[in-house]
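Participant: Let me begin by handing over the structure; questions about it come next.
The values are calculated or read from the model by the stated rules, or taken from the named source; none is laboratory data. What you see is a predicted model, and the numbers here were worked out from it, not measured in a lab. Positions of Cβ are backbone-derived with ideal geometry, glycine not excepted, and every protein chain shown enters the neighbour counts. Accessible surface is based on the protein model in full, side chains and every heavy atom, while ligands, DNA and RNA are left aside. Shrake-Rupley method; radii C 1.70, N 1.55, O 1.52, S 1.80 Å.
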Amino acid sequence: MTEALTPEAATPETMTSGPARRESPPSMIERMTLILDAFNGPTARLTLEDVARRTRLPRSTAHRILDQLVKQRWLAHHSFGYGLGQRALGLGGQDGGHGKIREAAAPLLHELQVTTGLVAHLAVLDGAEVFYLDKLGGRLAASVPSRVGGRAPAHCTALGKAMLAWLEPERVDALLSAGISRFTSRTIGELGTLHQELHRVRQRRGLAFERGESYPGIACVAAAVRGAEGPVAGISLAGDIRAPLENVAPLVVTAAREASQILFPGSAPGARGRRGGPPARSSAGEGASWSPETMNRLLAVDGRGDWM
């Protein structure tokens, strides 16, 4: 006769009939860690099914823990999946409004990345630097040396120039009072030249470009997310320096405009105007589908067609 199991020996695992199943991690902390480890990079986006498959946790268990991690901002949940949140990215529990910006821009970045295959960024201006809030890149992500939670000089990035263009010239001077440095042979190294470039950005309806200014071999196009008080963030697409970014530039402007409308419904960007900047006007019509002729005029406003 088979010896009966004692109460101490009887467990759910030993009482289960059929093939042996993998024992789940014994503690909640280990299960949470297992889920966070499933996100193998700051740009990873996973569905509930992806998480359950990678962790081999029951779907119901994974869903319950995911909800808790979202509530505590270790993860963020969007319509297209889960991603690392403010705490996991080292941005802190109190994000100073960055969470709202990320939430508004997330589906727009996703659409930009899927549509173009390029690397989509979201960043805010922090002093003389841009601070990256999000990055979606697919297979190209590793080729663009940016990271969520990282920083880059504003004067040599398309994101930075897109936001600086909508500040008062005196504010730009104050932010860059320590001087601007060259990082490549194409970097703008003089404040006067930078102001000329910011003027061209405004003439191009807010489109900012850079080719190899911050990193050799990388090109980028960006536009600012704006409210009545000025720029609050920037959205960009980046890729190889040979990428025809002029073809995707209208998509970037459209995404920035839509993010502005989500964050500031009923508010016209730049409504109060800026001394030295463009006249106040509604965003209606900005970022619409532009013809090749319109793009050519925008990209050649300096008379040289130079859209670095």
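Participant: Which residues, counting only those in the range 253-267, are surrounded by 22 or more Cβ atoms within 10 Å (Cβ to Cβ) and either in contact with a helix residue (DSSP H, G or I) (Cβ under 7 Å, 6 or more places away or on another chain) or not in a helix (DSSP H, G or I) (or both)?
Facilitator: A255, A259
Participant: I'd like the full set of residues that are among the acidic types (D, E) and out of contact with any strand residue (DSSP E or B) (no Cβ under 6 Å at 6 or more places or on another chain), limited to the range 98-143.
Facilitator: Result: E103, E111, D126.
Participant: Here is a list: G270, G212. Which entry is modelled with pLDDT of 85 or more and in contact with a Lys or Arg (Cβ under 8 Å, 6 or more places away or on another chain)?
Facilitator: Just one listed residue meets the conditions, G212.
Participant: Just need a number here: residues in the range 138-149 that are open to solvent by 50 Å² or more (accessible area, probe 1.4 Å) and either in a loop (DSSP other than H, G, I, E, B) or under 13 Å from D126 (Cβ atoms) (or both).
Facilitator: 2
Participant: Can you tell me which residue among R147, R151 is touching a residue at least 24 places away in the same chain (Cβ under 8 Å) and touching an Asp or Glu at 6+ places or on another chain (Cβ under 7 Å)?
Facilitator: R151
Participant: G179 is checked against (1) crowded, with 22+ Cβ neighbours inside 10 Å; (2) assigned to a loop (DSSP other than H, G, I, E, B) and fails just one. What number does that condition carry?
Facilitator: (1)
Participant: Moving on. Checking I188 against (1) in a loop (DSSP other than H, G, I, E, B); (2) open to solvent by 30 Å² or more (accessible area, probe 1.4 Å); (3) modelled with pLDDT of 90 or more; (4) not aromatic (F, W, Y): exactly one of these is not met. Which one?
Facilitator: (2)
Participant: Here's something else I'd like to know. Is there a residue in the range 210-230 that is in contact with a strand residue (DSSP E or B) (Cβ under 8 Å, 6 or more places away or on another chain), part of a strand (DSSP E or B), open to solvent by 30 Å² or more (accessible area, probe 1.4 Å) and of a type in the set (A, V, I, L, M, F, W, C)?
Facilitator: No, there is no match, as no residue in the range 210-230 is in contact with a strand residue (DSSP E or B) (Cβ under 8 Å, 6 or more places away or on another chain), part of a strand (DSSP E or B), open to solvent by 30 Å² or more (accessible area, probe 1.4 Å) and of a type in the set (A, V, I, L, M, F, W, C).
Participant: Does the range 50-64 contain at least one residue that is at pLDDT below 85 and either open to solvent by 20 Å² or more (accessible area, probe 1.4 Å) or of a type outside the set (A, V, I, L, M, F, W, C) (or both)?
Facilitator: Taking every residue of the range 50-64 in turn, none turns out to be at pLDDT below 85 and either open to solvent by 20 Å² or more (accessible area, probe 1.4 Å) or of a type outside the set (A, V, I, L, M, F, W, C) (or both).
Participant: Inspect all residues belonging to the range 150-168 and state whether any of them is of a type outside the set (G, A, S), over 30 Å from F39 (Cα atoms), open to solvent by 60 Å² or more (accessible area, probe 1.4 Å) and in a loop (DSSP other than H, G, I, E, B).
Facilitator: Checked against the condition, which is being of a type outside the set (G, A, S), over 30 Å from F39 (Cα atoms), open to solvent by 60 Å² or more (accessible area, probe 1.4 Å) and in a loop (DSSP other than H, G, I, E, B), the range 150-168 yields at least one hit.
Participant: Looking at (1) under 25 Å from V119 (Cα atoms); (2) open to solvent by 30 Å² or more (accessible area, probe 1.4 Å), find the lone condition where H195 falls short.
Facilitator: Failing condition for H195: (1).
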